[in-house]
Amino acid sequence: MTIDADMNEPIEREISPTKVDLNSERATLLLDIASEDIDVSELAELAVKYGYEQKDEYHVTLLGFAKGREIKAFLNSLDQEERARMGQEIENLVNQIEWKIKILPDQHLISREKAVEYPYGSKQMVDEYRSSIVQMVEIAGAEDFYTKLSELTGLQFDPPPTHITIFAKSSIPAYMKAGIGIDSAEQFAAMNQGKL
């Protein structure tokens, strides 16, 4: 499906996250964004026409579930004292960066089809089509963060182009507002249906 939006070119602007959310249990990192910082007014009517729903909250994912599992496996391979020290070093790294988010004048349509567990916890797999409209952003400090995190952990990072999911839809109504979960630039390219 192609969505053509005749929109005025937005102006790039910089915002700060409302919260830097490092989840030590999952080893995920999100930058929470205030809803008033994201203007979806020009896309809203078109998105709803094509069956998308606006997300209830906005964030940029810097470390998602897949990369978080790798980090947790690395941490769990360490003895208790070294694990605590490394966890603290990762937290210090996150906290020392002054995170700034530049909103770019680009929105993309991304989609994927795959088998997912439905309902959650049932171990029953169902084919699902999921699609999102994402707002592209640049994160000041992200490249330095990934480099230093690689040095600390020995893990390699191929982060996806940074973005905020603003609208979503799914062939399963219960997952209508769920994100897609993009873990690399390669995955983003494979799922990218084009710029709006």
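Readers should treat all values here as calculations from the given coordinates under stated rules, not as data from a laboratory. Quick caveat: nothing in here was measured; it's all calculated off a predicted structure. No Cβ is skipped: glycine too gets one built from the backbone with ideal geometry, and neighbour counts run over all protein chains shown.
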Subject >> Cα centroid separation, region 158-196 to region 96-121 (Å) >> reply: 4 Å
Original post:
How far apart, in nm, are the 7 Å Cα→Cβ label points at K195 and D32?
Top reply: 3.3 nm
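Treat every Asp and Glu Cβ in region 13-195 as -1 and every Lys and Arg Cβ as +1, leave all other atoms uncharged, and give the resulting dipole magnitude about the Cα centre to the nearest 20 debye.
Working: 20 positive and 31 negative charges, 101 e Å.
In debye, rounded to 20, region 13-195 gives about 480.
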Original post:
Can you list the residues, at least 5 places off or on another chain, whose amide H is less than 5 Å from the amide H of T28, using H built in the peptide plane?
Top reply: N23
Original post:
Under the Karplus relation 6.51 cos²θ - 1.76 cosθ + 1.60, θ = phi - 60°, what is the ordered set of whole-Hz ³J(HN,Hα) values for region 128-138, x standing for Gly and Pro?
Top reply: 9, 9, 10, 9, 9, 9, 10, 9, 7, 9, 10
Original post:
Does anything in region 120-136 have its amide N under 19 Å from the 7 Å Cα→Cβ label point of V48, and if so which residues?
Top reply: 132-134
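Ignoring trypsin sites (Lys or Arg not before Pro) that are buried or in helix or strand per DSSP, and keeping those with at most 15 other beta carbon atoms within 10 Å, what is the longest stretch of the chain between them? Spell out each step's value before the answer.
Details: sites that count: R26, K123.
The longest such stretch corresponds to 27-122.
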Original post:
Considering only DSSP states other than H, G, I, E and B, which GluC sites (Glu not before Pro) in region 92-196 qualify as loop sites with at most 16 other Cβ atoms within 10 Å?
Top reply: E98
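Rounded to the nearest 0.05, what FRET efficiency do E186 and N23 have when you use their Cβ-Cβ distance and R0 = 30 Å?
Values: r = 25 Å, r/R0 = 0.82.
Approximately 0.75, to the nearest 0.05.
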Original post:
Between A174, Q88, Q156, whose Cα lies farthest towards the positive end of the dipole of region 80-196 when Lys and Arg beta carbons carry +1 and Asp and Glu beta carbons carry -1, centred on the Cα centre?
Top reply: A174
**OP:** Give, in whole angstrom and from largest to smallest, the semi-axes √(5λ) of the equivalent ellipsoid of the chain, with λ running over the eigenvalues of the Cα gyration tensor.
**Re:** 30, 22, 14
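Calculate for the chain the 222 nm mean residue ellipticity that helices alone would give, adding -39,500 (n - 2.57) per DSSP H run of length 4 or more and normalising by residue count, nearest 500 deg cm²/dmol. Kindly include the intermediate steps, with their values, before the conclusion.
Working: 5 runs with 57 residues, N = 196.
Taking each H run of at least 4 residues, the total per residue is -9000 deg cm²/dmol.
Taking 0.36 nm per residue of separation and subtracting the Cα-Cα distance, what length does fully extending L93 through F65 add?
Working: separation 28, 0.36 × 28 = 10.08 nm, distance 1.91 nm.
Extra length available between L93 and F65 comes to 8.2 nm.
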Original post:
Mean shadow of region 16-109, computed from the convex hull of its alpha carbons, in nm²?
Top reply: 7.4 nm²
Subject >> Rg over Rh, two decimals, region 70-121 (C-alpha only, Kirkwood Rh) >> reply: 1.19
